[in-house]
1. Considering only residues that are touching a residue at least 40 places away in the same chain (Cβ under 8 Å) and under 22 Å from residue B:82 (Cα atoms), look in region B:216-229 and name the one that is surrounded by the fewest Cβ atoms within 10 Å (Cβ to Cβ).
2. Residue B:28: modelled with pLDDT of 90 or more and hydrophobic (A, V, I, L, M, F, W, C), yes or no?
3. What is the number of the single condition among (1) at pLDDT below 90; (2) more than 7 Å from chain A (Cβ to nearest Cβ) that residue B:65 does not meet?
4. If residue B:73 satisfies all but one of (1) more than 7 Å from chain A (Cβ to nearest Cβ); (2) touching an Asp or Glu at 6+ places or on another chain (Cβ under 9 Å), what's the number of the condition it fails?
5. Which helices (runs of 4 or more DSSP H) does region B:1-87 wholly contain that include 2 or more residues that are surrounded by 14 or more Cβ atoms within 10 Å (Cβ to Cβ)?
6. Among the residues of region A:3-39, which ones are free of Cβ contacts under 8 Å to residues at least 40 places away in the same chain, more than 14 Å from residue A:67 (Cα to Cα), surrounded by fewer than 19 Cβ atoms within 10 Å (Cβ to Cβ) and within 14 Å of chain B (Cβ to nearest Cβ)?
7. Can you go through B:186, B:167 and tell me which one is in contact with a Gly (Cβ under 9 Å, 6 or more places away or on another chain), modelled with pLDDT of 50 or more, under 29 Å from residue A:51 (Cβ atoms) and aliphatic (A, V, I, L, M)?
8. State which residue pairs qualify: first residue farther than 23 Å from residue B:224 by Cα and inside region A:71-92, second residue among the β-branched types (Val, Ile, Thr) and surrounded by 16 or more Cβ atoms within 10 Å (Cβ to Cβ) in any location, beta carbons under 7 Å apart, and separation of 6 or more residues or different chains.
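The values are calculated or read from the model by the stated rules, or taken from the named source; none is laboratory data. Source: prediction; values computed, not measured. Quick reminder, even Gly has a Cβ in these numbers, built from the backbone with ideal geometry, and neighbours come from all protein chains shown.
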Amino acid sequence: MGVRREKAERLADEELMPLVGEKDPEAFEVLYDRHGGVAYSLAYRIVGERSTAEEVTQEAFISIWRSGARFDPTRGSVRSWMLSVVRNRAIDALRSKAGKAPKLTLDDDSILEQRPAEELTEEQAIRHETASEVRGALGHLPGEQSKVIELAYFGGFSQSEIARMLGLPLGTVKGRMRLGLEKIRGELAEGLA
Amino acid sequence: MNGADHERHWSDDVAAYLLGALEPEEAAELEAHIEGCERCRSRLRWLAPAIRSLPESVERVEPPRELRERLMEEVRVDARAAEAAATASDRARPRPPGWARRLRLGWRPLAGLAALALVAVAVAGYEIGSEDSGGGPTMTVVAGHAPGVTAKMVGEGDGGTLRLAHVRPLPQGRVLQAWVRRDGEVEAVPALFVPDRTGHASTTIADMQGVDTVMVTTEPSGGSRAPTSAPLVTMSIPQ
C-alpha cells in the first residue's frame, strides 16, 4: 500500500472530495472502497440485474470522479450525494430499458419486483422470496406505506403513476408517502435520542 | 391560506417531492412555493434524513472485484490524461505557428498544433503522427480512454474520421454515438455506428472547427439527444 493511499484512508469523505476534484485516483479509490458496496447494492435493488447494476455503478462513479468539484457539502454528506447519483443513474437505466416506464399490472408484488426484459434468474428468485422481509426503516412501516415509498424511490414512479397502478385516489398515495416518511424520520430521531 | 389548508396542500407534496415522485411541473410549483415558505423549508429539512436512510435499507450485494478494477483503470487513465494534457498545454504555448505548417497538418494549423501537443494518452500506447490518405495532408491522433480501446482521429479538411479499434461487442439495442464539444456545448454527431466483428468502428465528423473534445458513448438504438452513458473514449483537442 502506497503512502498516498495510507494518507487518503485517514481522511474524512469531505476531505477527500477536494482531492478528487484535483484528479487524485487514490482519494477516489478510498471513496469507492467506502461506499461502492452500498452503491452497487442500491443499483442492483433498482435495476434488478447484475450486469446493468455494474454498468450503472461504473457510470455513476465515473460521473462522480469527473464532477467531484460540484459536490456541495452544505447539502448533505458525500455518501448521500454519491448514492443520489447512483439512484438517478439506475432509474434512468430502468426507464431506458423499459422504453419509458415499466408496464404496470395490478399485482403489487409483481410491480415491485418487475424488471424490464429480464428473465427471473435464480438470484432474482431468491431476492423475490426475501423481498417482504424486514429491512431497515422501511421494514417497520405498514405495507401500504412502504409499498408507495418503494415504488417511488426504487421504482422511479411518480405519485400519479402509483395511484393508477394501485387503483387508489391520488390523495391516498400522497398521504401514505407522507405518513411513511414521517414514521421513518421519527424512528431516526428516536435512534439519535 | 390558513394552517390546515397549508398542511393539506403542501405537506403531502413535500414528501412526494423528496421521493422524486412529483411530475416536473408539480415539482416546479412546489419549489416556487418553498422559496417563500419557511414552514415548508423546515419540513423539507426535517424529512430529508428519512430519504437518505432509504438506500441504506437495501439488502447488501457484494460488487464484483472486476467492477472496481475496471473503474479504477478508467480513473487512472483519466488522471494521467489530465496530467499529460496540463503539461503539454504549458509546452504548447510558446511554439510558433510555422511549426504546425511544417508538419502539414490538415486541420486548421493552430488547432492541429494544439491537438498534436495536447492529446493525452495513458493506456496501452501513445501515438501521434501524420498520415496521407491519398488526397492530401492529414493528421492522426491516437488516444485511448477505455481499457483496450484505441481511437484514431484522421483529419481531412475541416472535418475528420474517427476510427476506433478493439471495441467490445455492444449489447443488443445499443449503438455507438460520437459527440463533439464546441464553445462549451456538446453536440451529437448525426451518424450512429457499431463495431464490426473485428472490433473496429468508424464515423465521420464533418466539422471539427472549434471542437475541443471528441468522445464516444454507447447509446440506445436511434441515438440520444445527450450522452446517457460514461464515455468509451474521450479525446481532448484544445484550440
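1. The qualifying residue surrounded by the fewest Cβ atoms within 10 Å (Cβ to Cβ) is B:227.
2. Values: modelled with pLDDT of 90 or more: yes; hydrophobic (A, V, I, L, M, F, W, C): yes.
Against the criterion (modelled with pLDDT of 90 or more and hydrophobic (A, V, I, L, M, F, W, C)), residue B:28 qualifies.
3. The failed condition is (1).
4. Here residue B:73 meets the rest and fails (2).
5. Values: elements: B:3-6, B:12-18, B:24-35, B:38-53.
Answer list for region B:1-87: B:12-18, B:24-35, B:38-53.
6. A:4, A:5, A:33, A:37
7. Details: B:186 fails: in contact with a Gly (Cβ under 9 Å, 6 or more places away or on another chain).
Every option except B:167 fails the conditions.
8. That search, which allows pairs on different chains as well, returns A:71/A:78; A:82/A:64; A:83/A:38.
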